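Engineer: Below are the structure tokens for one structure; questions will follow.
The values are calculated or read from the model by the stated rules, or taken from the named source; none is laboratory data. For clarity, every value in this text was computed on a predicted model and none was experimentally measured. Glycine gets a Cβ as well: all are built from the backbone with ideal geometry, and neighbour counts include every protein chain shown. Accessible surface is based on the protein model in full, side chains and every heavy atom, while ligands, DNA and RNA are left aside. Shrake-Rupley method; radii C 1.70, N 1.55, O 1.52, S 1.80 Å.
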Amino acid sequence: MSPTSAESLTPAPSQRLTARLWVLPEMRWAGLALTLFAAGGLLQLAGAPRPVWWALYLACYAAGGWEPALAGLRALRDKTLDVDLLMIVAAIGAAAIGQVFDGALLIVIFATSGALEAFATARTADSVRALLDLAPERATRLDADGAETVVDTGDLHVGDLVRIRPGERIGADAVVVDGASEVDQATITGEPMPVAKIVGDEVFAGTLNGTGTLVARVHREAGESVIARIVALVEQASATKAKTQLFIEKVEQRYSIGVVAATLALFAIPLLLGADLRSTLLRAMTFMIVASPCAVVLATMPPLLSAIANAGRHGVLVKSAVVMEQLADTLLVAFDKTGTLTEGTPRVAEIHSAGSMTGEELLRLAAGAEHPSEHPVAAAILTAARDRSLAVPVADAFVSTPGRGVRAVVDGNTVAVGSPALLGELSPALAGTRTVADVGAAVDGAERAGRTAVVVVVDGTPAGVLALADRIRPGATGTVSALTTLTGAAPVLLTGDNPAAAERLGAEAGITDVHAGLLPADKVDHVRALQEHGRRVLLVGDGVNDAPALAAAHLGVAMGRHGSDLALHSADVVLVRDDLTTLPAVIALSRRARRLVIAGLRS
């Protein structure tokens, strides 16, 4: 196919936008109402017979007014009066006194406002949906004869054996019966580093297998898995969350009752004083038309929709006008740690060399040994070596042992890089030597500081320790400071990671209120405790384990690039580029939009 023909098959942006507009029923009805109104207006100006343009205006009434009329009648059935019904009554009143043009104009304004809100909300939902991984979950089940069958994870039952290959997502909660690997379970537990898994260890559905192959026996049904329980927590939190409303929705009841009462008074009092029926009715209907809620609608929606569009251009997806307005009420912000305040990938934070070896030589040999590996630790070590412009040597005789580390021949030296368990494999002759003591002390210091200790052994002798840590995001400290100024309260840290790592990260970010080692249900409890005394809490997170708390908070904000599907669904706002600095900006934007709404209502 030629480039020209290929291009002809790709819809232009304007064509895609037009198609998207007409998918929404609100846009179709508003478009029809506007078309009928324009046709009626043109025919009226052209001097067409009165019944012709009256019929078009009445058709405009039906196209643009049936939905708000139905909503208003439902509200009336619930013994409430809202602006939907008031607008319809005002439009009918206009027609009753011969001002059908004015009534049709009210209908068009109201319908267009609703359509624009529906379009803005749908566009945000589409953007969130584009971030999700919608691939179906599958698993490889081992049959009794050893044959492999690919099945839906929902078809797995307790006792089934599953094979989990490198790089695959685990399909069920299970216990390892064969093999060894490392599993990235940060989305469930909040741990930034992959966890070694050997025979007898439990693995969780939805987590990511590393470089080894595992055979595991399912020990929970799909509906009872850890991730299923987290989803249930999300549903429970969402069900108990108070329904939010726009500011105008809180006052529309009183507004509508006030307009109706004033209209009735304008009609009844002059009649009691002997006024003419026709002129009194005309005066009352004119007042109702003038006091119709179109001014209220126009004052409310444009600032909020404009704010949503502005936020979207800066990488923040706000899911509705209600959410945009509610952001202004934020009084306290709570953060998750791994993948939210931090980048979620390990980096070499410290290098502790032992004996005569320099730090650069230690890092160079470790990078050479790790070069063939795909483990996150290897990526961190190689990145550190390249950042220091070190030449990474070629490794020979490379061997990787899941859960232990790697071993290779680098520059004629046998180099082992792995967990502190390597120290237990040293020759007994080295026990008690200063080198071993120094390396052991470096391991203890790194772990106390909440870092991951990686031991390097060269030719059977400990050469040093590389301390790895999850790096804080650029701008995180400034964001914490800005939010403290904006909300009047210092943010809180809620994490499933260990206390040492949490305290270290809190100190870097400027957060003193730190809660660590939290399970998903614990995060929900902490959010609800923070909500006491009327504080409106906004939670920022990215993992499956954050989703229940995101749903429980007054507002939830998810990280867009690496956020889990469940977190993206549960959140009200998505930071598409994972840029934390946009969070205080969008709260400030919401407050400006709120001020414009209130100013518009007052005017």
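Engineer: Out of (1) over 24 Å from Val183 (Cβ atoms); (2) under 37 Å from the mean Cα position of the chain (by Cα); (3) modelled with pLDDT under 85, the odd one out for Pro402 is which?
Structural biologist: Every listed condition holds for Pro402 apart from (1).
Engineer: Name the single residue that is modelled with the lowest pLDDT among those in region 341-359 being open to solvent by less than 30 Å² (accessible area, probe 1.4 Å) and farther than 30 Å from Asp522 by Cβ.
Structural biologist: Ala354
Engineer: Tell me which residues, restricted to region 425-441, are in contact (Cβ under 8 Å) with a residue 60 or more places away in the chain and farther than 24 Å from Ala395 by Cβ. Walk me through how you get there before you give the answer.
Structural biologist: The first filter runs over region 425-441 and keeps only residues in contact (Cβ under 8 Å) with a residue 60 or more places away in the chain, leaving 435, 438-439.
Answer for region 425-441, where residues must be in contact (Cβ under 8 Å) with a residue 60 or more places away in the chain and farther than 24 Å from Ala395 by Cβ: just Asp438.
Engineer: Continuing with the same structure: If you go through region 45-69, how many residues are open to solvent by 70 Å² or more (accessible area, probe 1.4 Å) and part of a helix (DSSP H, G or I)?
Structural biologist: Of region 45-69, the ones open to solvent by 70 Å² or more (accessible area, probe 1.4 Å) are 45-46, 49-51, 58, 66-67.
Next cut, part of a helix (DSSP H, G or I) only: 45, 50-51, 58, 66-67.
Total satisfying the criteria: 6.
One line per residue, one yes/no per condition, for (1) of a type in the set (Phe, Trp, Tyr); (2) within 23 Å of the chain's Cα centre (by Cα); (3) surrounded by 14 or more Cβ atoms within 10 Å (Cβ to Cβ); (4) closer than 29 Å to Ile381 by Cα:
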site: Gly146; (1), (2), (3), (4): no, no, no, no
site: Gly167; (1), (2), (3), (4): no, no, no, yes
site: Asp173; (1), (2), (3), (4): no, no, yes, no
site: Thr189; (1), (2), (3), (4): no, yes, yes, yes
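Engineer: Run Val417 past the list (1) more than 43 Å from the chain's Cα centre (by Cα); (2) within 15 Å of Ala196 (Cβ to Cβ) and report the number of the one that doesn't hold.
Structural biologist: All conditions are met except number (1).
Engineer: Would you list the strands (runs of 3 or more DSSP E) that sit entirely within region 169-223 and hold 1 or more residues that are farther than 21 Å from Asp143 by Cα and acidic (Asp, Glu)?
Structural biologist: Details: elements: 174-179, 181-184, 195-197, 214-218.
Filter on region 169-223 gives 181-184.
Engineer: Please go through region 446-499 and pick out each residue that is part of a helix (DSSP H, G or I) and open to solvent by 30 Å² or more (accessible area, probe 1.4 Å). Working first, answer last.
Structural biologist: Going through region 446-499, the residues part of a helix (DSSP H, G or I) turn out to be 446-448, 476-487, 499.
If the condition is that a residue be part of a helix (DSSP H, G or I) and open to solvent by 30 Å² or more (accessible area, probe 1.4 Å), then Glu447, Arg448, Thr477, Gly478, Ser481, Ala482, Thr484, Thr485, Leu486, Pro499 are the ones that fit.
Engineer: Looking at region 203-222 only, could you name the residues that are open to solvent by less than 20 Å² (accessible area, probe 1.4 Å) and touching a strand residue (DSSP E or B) at 6+ places or on another chain (Cβ under 6 Å)?
Structural biologist: Within region 203-222, Val203, Thr207, Asn209, Gly212, Leu214, Val215, Ala216, Val218 meet the criteria.
Engineer: Would you check which residues across region 333-384 are touching a Pro at 6+ places or on another chain (Cβ under 6 Å) and among the polar types (S, T, N, Q) and list them?
Structural biologist: Scanning region 333-384 gives a single hit, Thr338.
Engineer: Output the residue which, of all residues in region 576-595 that are under 17 Å from Leu327 (Cβ atoms), modelled with pLDDT under 90 and not β-branched (Val, Ile, Thr), is least open to solvent (accessible area, probe 1.4 Å).
Structural biologist: My answer is Ala593.
Engineer: Still on this structure, please answer the following. Name the residue, out of Ser225, Ser238, that is modelled with pLDDT under 80, on the phi < 0 side of the Ramachandran plot and either in contact with a strand residue (DSSP E or B) (Cβ under 7 Å, 6 or more places away or on another chain) or surrounded by 13 or more Cβ atoms within 10 Å (Cβ to Cβ) (or both). Give the steps one after another, and end with the answer.
Structural biologist: Details: Ser225 fails: modelled with pLDDT under 80.
Of the residues listed, the single one that is modelled with pLDDT under 80, on the phi < 0 side of the Ramachandran plot and either in contact with a strand residue (DSSP E or B) (Cβ under 7 Å, 6 or more places away or on another chain) or surrounded by 13 or more Cβ atoms within 10 Å (Cβ to Cβ) (or both) is Ser238.
Engineer: Would you pick out the residues in region 393-422 that are free of Cβ contacts under 8 Å to residues at least 12 places away in the same chain and closer than 24 Å to Gly167 by Cα? Quick ask: steps written out before the conclusion?
Structural biologist: Filtering region 393-422 down to residues free of Cβ contacts under 8 Å to residues at least 12 places away in the same chain leaves 399, 412.
Residue satisfying the conditions is Val399 alone.
Engineer: With the requirement that a residue be open to solvent by 30 Å² or more (accessible area, probe 1.4 Å), among the β-branched types (Val, Ile, Thr), outside any loop (DSSP other than H, G, I, E, B) and closer than 20 Å to Glu361 by Cβ, what does region 389-439 give you?
Structural biologist: Val409, Thr414, Thr435, Val436
Engineer: Continuing with the same structure: Can we say Ala463 is touching a residue at least 40 places away in the same chain (Cβ under 8 Å), within 30 Å of Val333 (Cα to Cα) and among the hydrophobic types (A, V, I, L, M, F, W, C)?
Structural biologist: Details: touching a residue at least 40 places away in the same chain (Cβ under 8 Å): yes; within 30 Å of Val333 (Cα to Cα): no; among the hydrophobic types (A, V, I, L, M, F, W, C): yes.
Taking the combined requirement at face value, the residue does not satisfy it.
Residue-by-condition table, conditions (1) within 24 Å of Ala186 (Cβ to Cβ); (2) at pLDDT 90 or above; (3) polar (S, T, N, Q):
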site: Val465; (1), (2), (3): yes, yes, no
site: Asp470; (1), (2), (3): yes, no, no
site: Thr477; (1), (2), (3): yes, yes, yes
site: Gly488; (1), (2), (3): no, yes, no
site: Asp497; (1), (2), (3): yes, no, no
site: Gly510; (1), (2), (3): yes, yes, no
site: His515; (1), (2), (3): yes, yes, no
site: Leu519; (1), (2), (3): yes, no, no
site: Leu530; (1), (2), (3): yes, yes, no
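Engineer: Go through region 500-521 and give me each residue that's in contact (Cβ under 8 Å) with a residue 24 or more places away in the chain, in a helix (DSSP H, G or I) and open to solvent by less than 50 Å² (accessible area, probe 1.4 Å).
Structural biologist: Result: Ala500, Ala501, Ala502, Arg504, Leu505, Ala509, Pro520, Ala521.
Engineer: Just checking, does region 321-340 include any residue being over 30 Å from Ile381 (Cα atoms), open to solvent by 10 Å² or more (accessible area, probe 1.4 Å) and at pLDDT below 85?
Structural biologist: The answer is yes; a qualifying residue exists.
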